[in-house]
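K.L.:
Attaching a single structure in structure tokens format; questions to follow.
Derivation of every value follows stated rules applied to the coordinates shown; laboratory data play no part. Computed from a predicted structure; not experimentally measured. Please note: Cβ atoms are built from the backbone with ideal geometry, for glycine as well, and neighbour counts cover all protein chains shown.
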Amino acid sequence: MSINGISGGLSYFHMAGRTGKIVSAMTAGCRSVYEAEPWAVIQKEEDRIVSKTHYTEEDALWNQYGKQYRDSMKIVDGKVVVTGDPWNYLAKSVPEEELEAYRQKLEQEGLGDGIDWRGVESDFRNMEVDFSNAEHLNTKIDYIASRCAVLRERIEQNSSGEEKEQQLSRLEAVMDRTKQTLVDSYSDSIGNFYEEYGYSGAKKELAQSLSSGIDQRIAQYEEHLRQSDTYAALREETAGWLQQDDGYMAARLREDLTAQDGASRQTEAAGHTLHDLETAGLYAAECRERLDKQGAFWSDNEQRMGLDLAVQGMKTDYLAGHGGLSRNMQDLLQDTFQNYKRKYTDLLEQKLREDAAKFSTPLKNRLDRGEISAVYEYTMAQYRQSGDILDAFAKGAKQAQSAFERNFSQRAGATGNYLDKYKWDRFFDRSKYTGIKGEDCMYEKYRKSIDRFLGSLEAGGSTTVKLLFGSSGDYEMNVFA
């Protein structure tokens, strides 16, 4: 499930030669260089490579090859101590013939029936979910659930008596720690966000749903492992050493379940589905990013603010209605947006007042909330009538432009007013907007962001929903392909 060194016993290094990050990777006492940095565990997910492509046979070979060097470098008394010759492995330059020879050795000798707990615990590190990676919640859950199912079966089949009980207890301890890390990090970030925006008890409710959902997902994988004829057939056709690599077999189990269960992430939890929870995390992260960038990019032109908020409101409503969410989650997102909308305006006005106080020259220090509301309500009314975000946006943008023109003569000379006029004059005309050949006008950038959002919803579980709550500055700075 990680990258390059992959999983099963994660032997991951990130360097181009023999020096560089080797020493910095060993700052924790005498930790072996073999030990992966925790973030490497889920780097493939964060590179947006779907879980079913994880941990191929080539990945497994590289991982097992690297295990012979897991103790080759340590820090002892502040000095790097090297045994063996791990340099080719560290530099990712092992000759193909050497890897092939190692493959043949594995085919002859196998990996043994024991579990590499060191590798398992390394792979299960750093499973936090927060604003920075909320879209990967279910990928992480699928990973730990499938690994748990394969490991449990292996223990049941290959041990007995006291040894079996010890092995199962160790597995439970690893899973409990990992699950607690995942639940706590999610509730402390995503849960707190919804509490802050008006949903009392959200942190506890989302945490309970996530805990229940993880348990159900583990049970689903375990049941599928026992009952799937296609997985059983695949296992029979798999080389012996790969059957003994629990990371490899877990990857195949994920593939098999996905192939037979298109709604694999819709497991019902207590109150919210796992799909609900991932969407809630993505939505909270997008809102938080917009608020954190307050003052850096946002336009303080009331008509543009009303239009931006309307685009965000339409996306929220469309996501609630077409995102495969439970009724509870639909209500949560809709209610949260209303509070977010007020916060959006409050923060910008606060920023305007703070900036104005720093200068003797009069600066804009308040917002005309009536103007913001007029554009917002008009655009939303068009959307409620047609259900078409693009059509409503086009009509809302024209109304906003007209409203600005009506007010311009009354506010001529106000700080920033001429710049706003320059932008509105070129809003629908790309050639006048930038003068740069091939550069999109502002209307086109909005349109492309809406298209990408709609396309990501139509793609379903194969892609992350692209909310793109970008305001004016974000649209200007980003090129939407």
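K.L.:
Evaluate the Kirkwood expression for the hydrodynamic radius of the range 77-231, namely the inverse of the mean inverse distance over all pairs of different C-alpha atoms, and round to one decimal in Å.
P.N.:
18.9 Å
K.L.:
Report the calculated FRET efficiency for D388 and K351 (r = Cβ-Cβ distance, R0 = 51 Å), to the nearest 0.05.
P.N.:
Computed FRET efficiency for D388 and K351 comes out at 0.90.
K.L.:
Multiply the residue separation of D331 and N192 by 0.36 nm, subtract the distance between their alpha-carbon atoms, and state the gained length in nm to one decimal.
P.N.:
The D331-N192 span can extend by a further 48.3 nm.
K.L.:
Could you pull out the pairs from K423/K445; K315/K351; K351/K445 whose alpha carbons sit more than 19 Å apart here?
P.N.:
Where the Cα-Cα span goes over 19 Å, the pairs concerned are K315/K351; K351/K445.
K.L.:
Let me ask you something else. Which log10 I(q)/I(0) values, to two decimals, does the range 193-252 give at q = 0.28 Å⁻¹ under the Debye formula with one point per Cα?
P.N.:
Ignoring solvent entirely, the Cα scatterers give -1.10.
K.L.:
Does the range 275-422 classify as rounded, prolate or oblate by the C-alpha gyration tensor (a ≥ b ≥ c root eigenvalues; a/c under 1.5 gives rounded; else a/b over b/c gives prolate, otherwise oblate)?
P.N.:
Oblate is the answer for the range 275-422, as a/c is 1.5 or above yet b/c matches or exceeds a/b.
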